[in-house]
1. Sorted by accessible area (1.4 Å probe), largest first, how do Asp309, Asp130 line up?
2. I'd like the orientation of helix 13-31 relative to the chain: the angle between its Cα long axis and the longest Cα principal axis, in ° from 0 to 90, rounded to 10.
3. Got a number for the accessible area of Lys186? Probe 1.4 Å, square angstrom, nearest 10.
4. Give me a comma-separated list of calculated 3J(HN,Hα) values for the stretch 86-91, in order, Karplus coefficients 6.51, -1.76, 1.60 applied at θ = phi - 60°, integers in Hz, x for any Gly or Pro.
5. Any chance you could give the angle, 0 to 90 degrees and rounded to 10, that helix 273-307 forms with the longest Cα principal axis of the chain?
6. So, for the chain, what is the accessible surface per residue at a probe of 1.4 Å, expressed in square angstrom?
7. Would you work out what percent of the accessible area of the chain, with all protein chains in place, is carbon or sulfur (probe 1.4 Å)?
8. What figure, in Å² to the nearest 10, do you get for the accessible area of Leu163 with a 1.4 Å probe and non-protein molecules left out?
Amino acid sequence: MSDTKQPEQKPSRRKFLAAAVTGGIGAAAAGFPMIAKAQAGPISMRWQSTWPAKDIFHEYALDFAKKVNDMTGGDLKIEVLPAGSVVPAFGLLEAVSKGTLDGGHGVLGYHYGKQNALALWNSGPAFGMDANMLLSWHKYGGGAELLAKLYASIGITTVQSFLYGPMATQPLGWFKKPITKPEDFKGLKFRTNGLAIDLFTAMGAAVNALPGGEIVPAMDRGLLDAAEFNNASSDRLLGFADVSKVCMLQSYHQSAETFEIMFNKPKYDALPAKMKAIISGAVEAASADMSWKAIDRYSKDYIELQTKDKVKFYKTPDAVLQKQLTLWSEIMAKKSAENPLFKEIAASQAAFAERAVKWDQDTYVSRRMAVSHFFGAKKAAPKKA
């Protein structure tokens, strides 16, 4: 071993400066995370709705995405494609759960075939609740926990679900002639979805559960005699007035329905905590905005359907409404006996509704009296069939 001393290695000025610059950038990135984030770039997500591009429902999906995109300052960018762009409308849940899509916008009733209890968030009279009350039950009455339990029961553990957007009571539907009695449904080729399939089947109809974009073409070709979809704006945009001039208003088949926003859960879980908080806030902001937009747009299109499209609106006879309630009770009893989760969810809804609906009815004053006072004969009202 030589004891000859090696010459001392002095760091060059160039290496020293390079190290200082690198260290400085690292320190800055640590102290200012936005620098690191800017270097990484925005997070992009590709979504699909279950609605045709021209439907106001797809507009609602775009509205939600814009709220998130704006509220995150562009750090999260959600692109929403219309139904069928990647998968069929009824294939959205599976596509999101597998990560084929990062998220989507639809309704729980479209997953009815996988677990019929999912339709309890969009079908039937909901024990007298409207959609806003149903959302109250979902957030504060245990509904969100029950939905997670229900999804887990069918192996859906990779979807983060948010419900929002109280929908208005839906029309009974579009027909060739007014419905005057329950028996008018016997043999009718009719479109609906969710547990309303069971309801109208029990009324004697031959039911076909088509997605929104396929309904009017099916009616035009005679494959359907009648159909329901949702509201004055959607129905007008989709062309219902081109194939029918009779619309029956008021029904219990979907009087309390909500929208569902879905994220692929692994991708959602990977988001920063602040971004998740923004999404949660955006869901509720979109819920309010959607309900306000609906009042504005639906009321305008209700007038347009009558004046420009020459549609005749009729109030659904009380005999038909009472028949719906009677059959619904039978359907609920049968499904509850077959499905313990269905029974648990229905019982939870009923307990919440019993106090919420009573409070609502006892508290709110009649709007019909006020409308009669202020507008009298000028007010638009559906005819009696």
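1. Descending accessible area places them as Asp130, Asp309.
2. Helix 13-31 sits at roughly 30 degrees to that axis.
3. Its heavy atoms expose roughly 140 Å² to the probe.
4. Once θ is set to phi - 60°, the couplings for the stretch 86-91 become 10, 9, x, 3, 7, x Hz.
5. Helix 273-307 and the main axis of the chain meet at about 30 degrees.
6. 50
7. Carbon with sulfur: 58 percent of the solvent-accessible area.
8. Result for Leu163: roughly 20 Å² accessible.
The values are calculated or read from the model by the stated rules, or taken from the named source; none is laboratory data. Given the structure is predicted, the values throughout are model-derived calculations rather than measurements. Positions of Cβ are backbone-derived with ideal geometry, glycine not excepted, and every protein chain shown enters the neighbour counts. Calculation scope for accessible area: heavy atoms of the full protein, side chains included, ligands and nucleic acids excluded. Shrake-Rupley method; radii C 1.70, N 1.55, O 1.52, S 1.80 Å.
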